[in-house]
Amino acid sequence: MLRRLTPSFALAAAVALAAAWTAQAQAPAGDPIRIGYGIAMTGGLAPNGKSALLAQKIWEDDVNAKGGLLGRPVKLLVYDDQTNPATVPGIYTKLLEVDKVELIIGGYGTNVIAPAMPVVMQKNKVFIAVLGLAVNTEFNYPKYFAMIPAGPDPKPAFTKGFFDVAMQQDPKPRTVAIVAADAEFSVNASDGARDNAKAAGLNIVYDKRYPPTTTDFAPIVRAIQATNPDLAVICSYPPDSVGMVRAVNEVGFKPKMIGGGMVGLQATAIKTQLGPLLNGFTNYDFWLPVPKMDFPGVADLMKKYQARAAAEGVDPLGYYMAPWGYAQLQVLQQAVEAVKGFDDEKLANYVRSNTFKTVVGDVKFGAKGEWAESRVLQVQFQNIKGNDVGQFKDISTQVVVAPNTYESGKAIYPYENAKK
């Protein structure tokens, strides 16, 4: 005996059937579009590299849930570059010649992006890399694009806000010390700091590099201290950034401002490790969840990221890397959708000529693939009481002091006052 359907039951069935049809219609089909790259999963850059990778996996999930790219699923093919520049050319050669991926992107960090460039240029591929400083200055490759808000003059951009804040103080500083690791990023950042110092009319009383293998930073800090600078600009990678902060506190070095170009202090693990030792340091950053940087989609991304971070064993907050890893792939996605394919010439022309809507705001590229406008932040650590992670969710411990457009508070000056 057939049972007669009630109107409400029939309506529910119709809705369920329509939803099933819609899901089936949107499900990506065919062979996946493979996007290949190397990124640090081990070595000194691994904490940041793995944080970016989680955000990129979230992008992969989001795109596939919405029907894929050009109606096909996307698949990330990722190799560990081990934070070792020597591994990078082999990774990209394998991706392009053996794996034959449809698209590539750059990994994370200047020191491992630059070694990929000769392979990328030989294969004439579009290459969007994340947080590489002035990589294309020497290569001048027209298909390179930098997902870093350094702007058209990238070397000075990292520390410009540091000097801007310093020169607003009364009395104005007169001298500066500059110290950098003898590695590509740090050298580039210190070149820019030197230009900023000269533009501000400051006397450079110390300007030296140290070997990247350095582990004892107290002698370096004492040598800087002996020159009695008003400002100290440090351009360093994560392991030595930690060593520098510890040495500054151990030696009791108290310039009027210190920081500038220290990679690593943005990572939650390093923030919790150093705790109150960070108070007073003023250093670059690219994004924080301050009201003025609540760009469309970024809150949703960070919610998904933080929900998965513990299981993935990555930075629990993800403020530094997650938005950039996700936005990097948003740019590539929008370009592929616009040109309806993978032709590198068409992709490069589109990326060069258009503005992209991303979780880090509007992105427009300019000369040499850098951002058309700079948006590097300077953030001062203030009022850190201990080593718990919770206080770093409270943005009052990380105050955006430059540029004015994104300012969330005022710098404590001199540095010694922020230590109290």
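Readers should treat all values here as calculations from the given coordinates under stated rules, not as data from a laboratory. Note that the structure is a prediction, hence the values are computed from the model and not measured. Backbone-built Cβ (ideal geometry, glycine too); neighbour counts: all protein chains shown.
Some points to look at:
- Between A29 and D153, the simple label model (points 7 Å from Cα in the Cβ direction) yields a spacing of 5.5 nm.
- Reference-scaled alpha-carbon Rg (2.2 N^0.38 Å with N residues) for the stretch 380-420: 1.20
- Euclidean distance between Cα centres, the stretch 157-224 to the stretch 235-269, Å: 12
- MRE, 222 nm, helices only [DSSP H, n ≥ 4, -39500 (n - 2.57), over the chain, to nearest 500]: -12500 deg cm²/dmol
- Scaling against 2.2 N^0.38 Å puts the C-alpha radius of gyration of the stretch 223-320 at 1.26.
- Taken along its three principal axes, the alpha carbon spread of the stretch 126-196 comes to 49, 24, 16 Å, from the longest extent down to the shortest.
- Take each peptide in 366-375, 48-57, 293-302, count the other Cβ atoms within 10 Å of every residue, and average; sorted highest first, the result is 48-57, 366-375, 293-302.
- Gyration tensor over alpha-carbon atoms, the stretch 289-420, equivalent ellipsoid semi-axes in Å: 34, 20, 11
- Each Lys and Arg adds +1 at its Cβ and each Asp and Glu adds -1 at its Cβ; summed about the Cα centre, the stretch 270-420 shows a dipole of about 300 debye.
- Hull volume in cubic angstrom per residue (convex hull over the Cα atoms of the chain): 162
- Rg/Rh (Cα only; Kirkwood hydrodynamic radius) as it applies to the stretch 85-148: 0.92
- For the chain, the longest principal axis of the alpha carbon atoms and the long axis of helix 322-339 meet at an angle near 50°.
- Net charge over other residues, Cβ less than 10 angstrom from the Cβ of S51 (K, R count +1; D, E count -1): -1
- Taking the DSSP bridge list for the chain and keeping only pairs wholly inside it, about 30 percent are antiparallel.
- In plain terms, the chain from T227 to R209 could stretch by 4.9 nm, reckoned as 0.36 nm per residue minus the Cα-Cα distance.
- Dividing the convex hull volume of the alpha-carbon atoms in the stretch 171-257 by its residue count gives 78 Å³ per residue.
- Charge tally around V401: other residues with Cβ under 15 Å, Lys/Arg +1 each, Asp/Glu -1 each, net +2.
- If you bin all the Cα-Cα distances of the stretch 85-205 at 5 Å, starting from zero, the percentages per bin are 2, 11, 19, 19, 14, 11, 8, 6, 5, 3, 1, 0, 0.
- Only Lys, Arg, Asp and Glu carry charge here, each on its Cβ (+1 for the first two, -1 for the last two); on that basis the chain has a dipole of about 640 debye about its Cα centre.
- Debye intensity ratio in log₁₀ form over the Cα atoms of the stretch 59-102, taken at each q of 0.21 Å⁻¹: -0.75
- Charged neighbours of P118, selected by a Cβ distance under 13 Å, balance to +1 (K, R count +1; D, E count -1).
- The angle separating the long axis of helix 238-251 from the principal Cα axis of greatest extent in the chain is about 30 degrees.
- Approximating the spin labels as points 7 Å out from Cα along Cα→Cβ, the D343-to-K364 distance works out to 2.6 nm.
- Packing-based order for 206-217, 29-40, 187-198, 407-418, using average beta carbon neighbours within 10 Å, highest first: 187-198, 29-40, 407-418, 206-217
- Charge dipole magnitude, Cβ of K and R +1, D and E -1 - the stretch 279-341, Cα centre, debye nearest 20: 120
- Relative to the dominant Cα principal axis of the chain, helix 7-26 is inclined by about 60°.
- Residue among N349, Q328, V339 farthest towards the positive dipole end of the stretch 251-357, charges placed on Cβ: Q328
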